1. Just the residues that are surrounded by 12 or more Cβ atoms within 10 Å (Cβ to Cβ) and in a helix (DSSP H, G or I), please, taken from the stretch 30-50.
2. Exactly one condition in (1) modelled with pLDDT of 95 or more; (2) under 12 Å from the mean Cα position of the chain (by Cα) is false for residue 22; which is it?
3. Only residues that are in contact with a helix residue (DSSP H, G or I) (Cβ under 8 Å, 6 or more places away or on another chain) and in a helix (DSSP H, G or I): list them for the stretch 17-28, please.
4. What's the number of the only condition in (1) under 12 Å from the mean Cα position of the chain (by Cα); (2) at pLDDT below 90; (3) loosely packed, with under 14 Cβ neighbours inside 10 Å that residue 13 fails to meet?
5. Assuming residue 14 fulfils every condition listed in (1) assigned to a loop (DSSP other than H, G, I, E, B); (2) farther than 20 Å from residue 68 by Cα apart from one, which condition is it?
6. Search the stretch 4-17 for residues that are more than 14 Å from residue 32 (Cβ to Cβ) and pair each with any residue that is in a loop (DSSP other than H, G, I, E, B) when their beta-carbon atoms are under 8 Å apart and the residues are at least 6 apart or on different chains.
């Protein structure tokens, strides 16, 4: 999972880095470092992310697609 994807997941759930960190039982600093690409997402943290947010490949793909639509200005909202 890329840093951008992790950030997209956090934003899709409408969470701050602090809220996201609380749900994942880690520090806000770790979330920030992962999102900036300064730290890698460990297998353990990836498993926790998948478990806490019920993520699977389809859900991640949907989040990426929707985020891309808003970034590209394709939203009809």
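1. Residues satisfying the conditions are 30, 31, 32, 33, 34, 35, 45, 46, 48, 49, 50.
2. So residue 22 meets the others, but not (2).
3. 17, 18, 20, 21, 23, 24, 28
4. (2)
5. The failed condition is (2).
6. As it stands, the answer is 9/55, since those pairs meet every condition given.
The values are calculated or read from the model by the stated rules, or taken from the named source; none is laboratory data. Every value quoted in this text rests on a predicted model; they were computed, and no experiment measured them. Using ideal geometry, Cβ is built from the backbone for each residue, glycine included, and neighbour counts are taken over all protein chains shown.
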